1. What does the charge count around PHE198 come to, taking other residues whose C-beta lies under 11 Å from its C-beta (Lys +1, Arg +1, Asp -1, Glu -1)?
2. Where Lys and Arg each count +1 and Asp and Glu each count -1, what net charge lies around LEU324 among other residues with Cβ under 13 Å from its Cβ?
3. When only alpha-carbon atoms count, how far does region 289-437 stretch along each of its three principal axes, as whole angstroms with the largest first?
4. As a check on your grasp of the helix formula, calculate [θ] at 222 nm for the chain: sum -39500 (n - 2.57) over DSSP H runs of n ≥ 4, divide by the residue count, round to the nearest 500.
5. Given 0.36 nm per residue, what is the gain on full extension from ALA214 to GLU398 after removing their alpha carbon distance, in nm?
6. Count charges around THR352 for me, please; just the other residues with Cβ under 13 Å from its Cβ, Lys/Arg as +1, Asp/Glu as -1.
7. With unit charges on the beta carbon (Lys/Arg positive, Asp/Glu negative), name the residue among PRO33, LEU45, PHE72 whose Cα is farthest towards the positive pole of the charge dipole of the chain.
8. What accessible area per residue, rounded to a whole number of Å², is obtained for the chain using a probe radius of 1.4 Å?
Amino acid sequence: MYLLPVSRLCYTATIMNKPDLIIHNIGQLCTVPSHAGGPQRGQALGDLGLVEDGVIAVSDGQITFAGPAEGFDIPLNAMTLIDAEGMAVIPGFVDPHTHLLWVGDRAAEFEMRIGGATYMQIMAAGGGINNTVRHVRAAPVEQLIAETRPRLDRILQLGSTTVEIKTGYGLDTESEIRSLEAICRLDAEHPVDIVPTFLGAHAVPPEYTGRTDAYVDLVVNEMIPAVAGFVTGYGYSMPFIDVFCEAGVFDLAQSRRILEAGQAQGMPLKIHADEFEGLGGTKLAVELGAVSADHLVKTPDTDIAALGQGETVAVALPATPFGLGHHEYTPAQAILAAGGALAVATDCNPGTAWCESMQFVMALSARYLKLAPAQALAAATLNAAFAVGRGGRAGSIEVGKQADLLILAVPDYRHLAYRFGGNLVKIVIKAGKAWHS
Ligand code: NIG
Ligand code: FE
């Protein structure tokens, strides 16, 4: 199913400084305000800035008003007028951690896992990430784009208006650059805003088996400079750099080396930490000033305490333990008690969690991270925007921000965490343009 522009309901002459979109009759307007220009930290998570009977005005794709309808005169020269019919309106979801760019199929591995094999056993036997790597290495850039585009279309329909996408299925310089090119081209052509991340250190490729340090040398000496040269040459912004810091993949010292090399080229930092074992990756992230530390299932107490002291956003990925059939989730309550900033993401990937829906992530967050619906919503919007360095323009319905909004099909935002398995988004507004399914 394709997204279609909403028909314009009211035409008049365009007059400078007059809104080009008004949304009125909003039953619950959840603005999810920034706190002191930053994310909602610790127990302050869940401030929705809720307005009943609200109205939003948009000009040139930006929010110019968001507040109570009382006293607000709806300008009759607005280009488009949308009646929200008493439903809830929330910020567009920000999905701050995905591996959305892939080709190939891993359904057989899922069946093996259900039969008892573990994710790390499949990876050690040459499957897992390296299975997808074989397909990505053989795929031209057009195929990478063509197979990822429908996933992005579905993600937009499900309400994600900004999405981070990692490389990491190429694992040689040429295939990593080709993956990054596909991500940058998708960003240019698709309404969803894409935040690119270079994840050359996602796994050790087969030709480097048993020689992890030599592969780290390749990432540091060849791939990172090539990535920096590529984005500079084409005028793209510098991507994030990420590393899978995990027993049997990249240890703490190797992870530090890779992150520091990326940082030296001006790349902001992310890390996959504590997914299966706690190696100290979260503490390293805080020490290096990483923008986010992600997964955080086996996170030691000292690392949780560090999150409360630093700026690094903790990104929980509850679809991953769910997808693996595991029973242990991110210690979200401890992170909040320590004063940390918590966000949630899908981790959408072909191995552990093919989940395209931040709505489903909210439902999992309520049940397994014990987040109240309001906390899950703030973690999936405002805090998620800060987890990809986009807190200044996305994640909340505040004057001056990009008009990325969702008109829900329900009058109460709590239905997002309560119900699951469907799509409760009726209309997606991306940069002021309305789309419905
Ligand atoms: O975040 N942990 C590492 N990477 C992904 C899985 C990628 C894959 O299996 O293809 C994750 O879960
Ligand atoms: Fe991941």
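1. Working: positive: LYS166, LYS270; negative: GLU176, ASP242.
With Lys, Arg at +1 and Asp, Glu at -1, the net is 0.
2. Working: positive: ARG106, ARG113; negative: GLU109, GLU275, GLU328, ASP347.
So the environment of LEU324 carries a net charge of -2.
3. Projected onto its principal axes, the Cα set of region 289-437 covers 45, 36, 29 Å.
4. Values: 16 runs with 146 residues, N = 437.
Helices in the chain give a 222 nm mean residue ellipticity of -9500 deg cm²/dmol.
5. Values: separation 184, 0.36 × 184 = 66.24 nm, distance 4.80 nm.
That works out to 61.4 nm of additional length.
6. Working: positive: ARG106, ARG113; negative: GLU109, GLU246, GLU275, ASP294, ASP347.
Charge balance near THR352 sits at -3.
7. PHE72
8. Values: 16130 Å² over 437 residues.
Result: 37 Å² per residue.
The values are calculated or read from the model by the stated rules, or taken from the named source; none is laboratory data. Bear in mind the structure is a predicted one, so any value in this text is a computation, not a measurement. Cβ sites come from the backbone with ideal geometry, for glycine too, and all protein chains shown count toward neighbours. Keep in mind that these areas ignore ligands, DNA and RNA; they rest on the heavy atoms of the full protein, side chains included. Shrake-Rupley method; radii C 1.70, N 1.55, O 1.52, S 1.80 Å.
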